[in-house]
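Colleague: Questions regarding the structure given below will be posed in turn.
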Ligand SMILES: [Zn+2]
């Protein structure tokens, strides 16, 4: 049986546009992404849907995020109008536009709009009235998934998180991400022992790496497009191996643009070998479906059978495993890609 964890509150977060090199385009991280996967999987035989109705406590969030950061996110989203000096734009979202440069501009100020820049690293995570509820329930979906893995009743547990989380760090939002769902799941699974993360999104999981950089009990692995050419540009390089307390607990495999299925499969094996050597007791897989050849954000060439293969390789680790939804912007294909991954995992 597959347990699919889903919360409809994600629909409360629906920013209108994204700033793309001087142009405005429709925001790709849209509610239809998660709903398409939900409708694709939920009707299938052997899939049980679990909907959490009690959100995670602030204390749980603060176990992986900075306290001031969590309070800021809740406060600005739930009282948006109070912090904007003129009427809110019709679309109802605040976009960060001033970022403190390092050294002389890096103090946290009283201004909420100033804090928006302070706690943000790019222009891709605007905040609206529903953003907090959506992010909170997305985090709750991940934690509920981890709890289901601990229960051990299902053959596979898939946390259908939206908004995604792997670009959100200890104290910053960015890249469509607000709270780090995978990190919250890891925190729950730690009661089993060491936990390994294998992030298979097209982009480096910079936020997850930031959170566990100095943690010797969490292996943070990510395979992704070479950040020399792809977002997030400043992290995800092979020489990032963890902080002084956790050397070699971080492992990045940057892959060239144009990577095809066979090169990707080899990288998956290399990553699995590294993760297995860490002797983890549980596994968290941040799932980006944006490695698909027909994804609009992608320059890899993965095809359907590659997802089956990846799922099977992960299953061979023989560990309690949680899948956590991250990217994937081909709305029509997402559900089928998730199905293929699970098909391989259960084969
Ligand atoms: Zn991505």
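Colleague: When residue 88 is evaluated against the numbered criteria (1) outside any helix (DSSP H, G or I); (2) surrounded by 13 or more Cβ atoms within 10 Å (Cβ to Cβ); (3) in contact (Cβ under 8 Å) with a residue 12 or more places away in the chain, which criterion, by number, is the only one it fails?
Modeller: Among (1) outside any helix (DSSP H, G or I); (2) surrounded by 13 or more Cβ atoms within 10 Å (Cβ to Cβ); (3) in contact (Cβ under 8 Å) with a residue 12 or more places away in the chain, the lone unmet condition for residue 88 is (3).
Colleague: Any residue at all in the stretch 301-313 that is within 15 Å of the ligand (Cβ to nearest atom), out of contact with any strand residue (DSSP E or B) (no Cβ under 6 Å at 6 or more places or on another chain), at pLDDT 95 or above and more than 30 Å from residue 191 (Cα to Cα)?
Modeller: For the stretch 301-313, residues within 15 Å of the ligand (Cβ to nearest atom), out of contact with any strand residue (DSSP E or B) (no Cβ under 6 Å at 6 or more places or on another chain), at pLDDT 95 or above and more than 30 Å from residue 191 (Cα to Cα): absent.
Colleague: Hey, another quick one. Please count how many residues of the stretch 233-255 are closer than 12 Å to residue 222 by Cα, in contact with a strand residue (DSSP E or B) (Cβ under 7 Å, 6 or more places away or on another chain) and in a loop (DSSP other than H, G, I, E, B).
Modeller: 6
Colleague: Go through 289, 337 for me and flag whichever is under 19 Å from residue 264 (Cβ atoms), part of a helix (DSSP H, G or I) and within 15 Å of the ligand (Cβ to nearest atom).
Modeller: Only one candidate qualifies: 337.
Colleague: Anything in the stretch 194-219 that is in a strand (DSSP E or B) and within 16 Å of the ligand (Cβ to nearest atom)? List them, or say none.
Modeller: 197, 198, 199
Colleague: Based on what the data block shows, is residue 182 more than 16 Å from the ligand (Cβ to nearest atom), outside any loop (DSSP other than H, G, I, E, B), crowded, with 24+ Cβ neighbours inside 10 Å and in contact (Cβ under 8 Å) with a residue 60 or more places away in the chain?
Modeller: The answer is no for residue 182.
Colleague: Are any of the residues in the stretch 316-327 within 15 Å of the ligand (Cβ to nearest atom), out of contact with any helix residue (DSSP H, G or I) (no Cβ under 7 Å at 6 or more places or on another chain), more than 23 Å from residue 266 (Cβ to Cβ) and in a loop (DSSP other than H, G, I, E, B)?
Modeller: Within the stretch 316-327, not a single residue is within 15 Å of the ligand (Cβ to nearest atom), out of contact with any helix residue (DSSP H, G or I) (no Cβ under 7 Å at 6 or more places or on another chain), more than 23 Å from residue 266 (Cβ to Cβ) and in a loop (DSSP other than H, G, I, E, B).
Colleague: Could you list, in sequence order, the residues of the stretch 237-266 that are within 16 Å of the ligand (Cβ to nearest atom) and either surrounded by fewer than 18 Cβ atoms within 10 Å (Cβ to Cβ) or over 26 Å from residue 320 (Cα atoms) (or both)? Working first, answer last.
Modeller: Step one: filter the stretch 237-266 for residues within 16 Å of the ligand (Cβ to nearest atom), giving 252-255, 257, 259, 264.
254, 255, 257, 259, listed by residue number.
Colleague: Considering only helices (runs of 4 or more DSSP H) fully contained in the stretch 1-83, which possess at least 1 residues that are touching a residue at least 60 places away in the same chain (Cβ under 8 Å) and farther than 21 Å from residue 184 by Cα?
Modeller: Hits in the stretch 1-83: 31-42.
Colleague: Looking at the stretch 122-162, which of its residues are buried (at least 21 other Cβ atoms within 10 Å of the Cβ) and either assigned to a loop (DSSP other than H, G, I, E, B) or free of Cβ contacts under 8 Å to residues at least 12 places away in the same chain (or both)?
Modeller: Once the filter is applied, which keeps residues that are buried (at least 21 other Cβ atoms within 10 Å of the Cβ) and either assigned to a loop (DSSP other than H, G, I, E, B) or free of Cβ contacts under 8 Å to residues at least 12 places away in the same chain (or both), the stretch 122-162 yields 124, 125, 126, 160, 161, 162.
The values are calculated or read from the model by the stated rules, or taken from the named source; none is laboratory data. Everything numeric here is computed off the predicted structure, so don't read it as measured data. A quick note on method: Cβ atoms are made from the backbone with ideal geometry, for glycine too, and the neighbour counts reach across all protein chains shown.
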